[in-house]
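Throughout, read-outs are computed from the coordinates displayed, never taken from laboratory work. What you see is a predicted model, and the numbers here were worked out from it, not measured in a lab. Note that each Cβ is placed from the backbone with ideal geometry, even for glycine, and that neighbours are counted across all protein chains shown.
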Amino acid sequence: MKKILILLFITSFSFAQTPKPYGVTPTADQVKWHNMEYYAFIHFGPNAFTDKEWGDGTEKEEIFNPTQLDCRQWARICKAAGMKGIILTAKHHDGFALYPSKYSTHTVRESKWKNGKGDILKELSAACKEYGLKMGLYISPWDRNHPTYGTPEYNQVYVNMLKEITTQYGDLFEVWFDGANGEGPNGKRQVYDFPLFNKTVKTYQPHALIFSDAGPDIRWVGNENGFAGETCWATINGDKLFPAYDKPAHLNVGDEKGTHWIPAECDVSIRPGWFYHKNEDNKVKTDKDLMNIWNKSVGRGSNLLLNIPVDNRGLIHENDEKALMDFKKMRDTYFKNNLLTAGNFKKDFSKDTYDITLMKPQTFNCFVVQEDIRYGQRVKKFYIQAKMNGEWKNLTFATTIGHKRIVYFPTTTAKELRIVFDEAFAKPIISNVALYNTPE
Ligand code: FUL
């Protein structure tokens, strides 16, 4: 696979050694993030014990007592699922911190778990290292417990907590700012100081990417179904965005020729809720559901942040584990046999139409293509044709590519095919193509 990548790259550039980037381009950290594609969200906290989605902050700390908590189990399963990292809720809206923060009295320290001596972030950090996963943290600005919430003092409390989580647990790849902004214990809402929050993260974790509705590094996809827009630009006019931005359809698609590289991330839960509820044990998404999400997230150039709630034992539930493994198996079957392996096809990539000739006729129904996004997102529209009985027949039309595009079409047998880039802002720079015959 690597060989092809390099070959294509060289062919595309034979006319010039250093291609000029088009428009805005991702930072090196964003490129690494795009390559991750798939990682876990873990929602855990008192809600797993109270059966709530949003705790109100008055929950007694003693209810938090997972008897079998095992971050190594989480990491083992995520790794086996093919995920590249884990983002954990260090603190959700109820204000309960999964680590012993100095700036709160509503934390694991006040709970019964490990007699108040535990620190889940520390355990997760060690487990991620052991399994070769990257770690990220969610920390809700909305805090329904903290007595200072709703006063200017709270922003400093939040910054202090941000400093704790960004300095005590090793490298973070992502920090996740939830846009929710409700009332605190005194009935007041907070005016969040996002510029200060962003500065704090960048000071202590210069390589961590910041997620929020408005970026600055990663944007919300505009829904919680895990679906990016059929057309999805990693670029967007970032100056128009703000936290709690109220145009989800805009976030879903982005802007062609947008002024900022702020790609979309698709967050979705494997169950109806974000937190664990026993009565959802039989509502776990199936491999088919997850494949549909995959095609509409990763297959549209976005990343998939799949939530797995940890249950009140402190473990990923068996049903969720099974769904994750089934889905991994399904992906492996879909995308195992790339018909465009070295020596199996000839190509002419020198024009805006890429011609591919296979060594012998093959049967296929799925095409995967990637742009080398280091040079910008260039392709606006493309279509695929196959030569059948001496005539070029259209197989499918599609729009943006970006990091990756997966397209399906009726099963076809042919020896020659071509990809026509009918609209691109600059000469397409394609880093990878693949052709599959998937089961459906
Ligand atoms: C939302 C929150 O209100 C949900 O509880 C969950 O954390 C989701 C990922 O983001 O804004």
Quick calc, segment 106-165, dipole around Cα centre from Cβ unit charges on Lys, Arg (+) and Asp, Glu (-), nearest 20 debye, gives 200 debye
Contact order relative to length for segment 37-335, counting C-alpha pairs under 8 Å separated by 6 or more residues, stands in percent at 21 percent
Simple SL model, points at 7 angstrom along Cα→Cβ for residue 70 and residue 29; separation in nm is 3.5 nm
In segment 37-335, taking the dipole from +1 charges on Lys and Arg beta carbons and -1 charges on Asp and Glu beta carbons about the Cα centre, the listed residue (113, 181, 284) farthest towards the positive end is 113
Counting only backbone N atoms under 20 Å from a point 7 Å out along Cα-to-Cβ of residue 423, the residues of segment 215-248 in range are 228-237
Under the 7 Å Cα-to-Cβ spin-label approximation, residue 168 and residue 397 lie apart by a distance in nanometres of 5.6 nm
For segment 152-274, the charge dipole (Cβ of Lys, Arg +1; Cβ of Asp, Glu -1; about the Cα centre) points to a positive end, and the Cα of 269, 253, 242 closest to that extreme belongs to 242
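Over all pairs of distinct alpha carbons, what does the Kirkwood formula give as the hydrodynamic radius of segment 293-440, in Å?
16.8 Å
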Measuring from the longest principal axis of the C-alpha atoms of the chain, the long axis of helix 287-296 (C-alpha) lies at a number of degrees, nearest 10, equal to 70 degrees
Given 277-283, 325-331, the highest-first ranking by average Cβ count within 10 Å works out to 325-331, 277-283
HN-Hα couplings for segment 414-422 via Karplus (6.51, -1.76, 1.60; θ = phi - 60°), in whole Hz with x for Gly/Pro, come out as 6, 9, 10, 9, 8, 10, 10, 8, 7
To the nearest 20 debye, segment 100-221 has a Cα-centred charge dipole, built from +1 on Lys and Arg Cβ and -1 on Asp and Glu Cβ, of 280 debye
On the formula 1/(1 + (r/R0)^6), with r taken between the Cβ atoms of residue 326 and residue 389 and R0 of 51 Å, the FRET efficiency rounded to 0.05 is 0.80
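Quick one: Kirkwood hydrodynamic radius for segment 62-141, alpha-carbon pairs, angstrom, one decimal?
Numbers: mean 1/r = 0.0763 Å⁻¹.
The answer is 13.1 Å.
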To the nearest 20 debye, the chain has a Cα-centred charge dipole, built from +1 on Lys and Arg Cβ and -1 on Asp and Glu Cβ, of 1520 debye
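Taking K and R as +1 and D and E as -1, what net charge do the other residues with C-beta under 9 Å from the C-beta of residue 402 add up to? Each step should come with its number before you reach the end.
Numbers: positive: 300, 404, 405; negative: 371.
Result for the local shell: +2.
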Expected unfolding gain across residue 130-residue 51 under the 0.36 nm per residue rule, minus the alpha-carbon gap, is 25.3 nm
With Rg from the Cα atoms and Rh as the Kirkwood inverse mean 1/r over Cα pairs, the chain has an Rg/Rh of 1.01
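Too long at a 18 Å Cα-Cα cut-off: which of 346/387; 52/163; 288/404; 134/296; 387/415?
Working: 346/387 15 Å; 52/163 28 Å; 288/404 20 Å; 134/296 24 Å; 387/415 7 Å.
Where the Cα-Cα span goes over 18 Å, the pairs concerned are 52/163; 288/404; 134/296.
Please quote Rg/Rh for segment 293-343 to two decimal places, taking the Kirkwood radius as Rh and restricting both calculations to Cα atoms. Kindly include the intermediate steps, with their values, before the conclusion.
Details: Rg = 14.9 Å, Rh = 13.3 Å.
Rounded to two decimals, Rg/Rh equals 1.12.
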Amide H proximity to residue 87 below 5 Å, modelled H, separation 5+ or other chain, gives 40, 41, 42, 136
Between residue 381 and residues 5 or more places away or on another chain, the pairs with built amide H atoms under 5 Å apart involve 422, 423
With label points set 7 Å from each Cα along the Cα-to-Cβ direction at residue 246 and residue 359, the distance between them in nm comes to 6.1 nm
Check: C-alpha center segment 276-341 vs C-alpha center segment 364-419, spacing in Å is 26 Å
Here segment 393-400 yields Karplus 3J(HN,Hα) values (6.51, -1.76, 1.60; θ = phi - 60°; whole Hz; Gly and Pro given as x) of 10, 6, 9, 6, 10, 8, 10, 5
In terms of the charge dipole of the chain, which places +1 on Lys and Arg and -1 on Asp and Glu at the beta carbon, the residue among 161, 86, 191 farthest towards the positive end is 86
In cubic angstrom per residue, the convex hull of segment 12-152 built on its Cα atoms measures 174 Å³
What the 10 Å binned alpha carbon P(r) of segment 150-201 shows, as percent of pairs per bin from 0, is 22, 52, 23, 3
Taking the chain and counting helices only, DSSP H stretches of n ≥ 4 at -39,500 (n - 2.57) each over all residues, the nearest-500 ellipticity at 222 nm comes to -7500 deg cm²/dmol
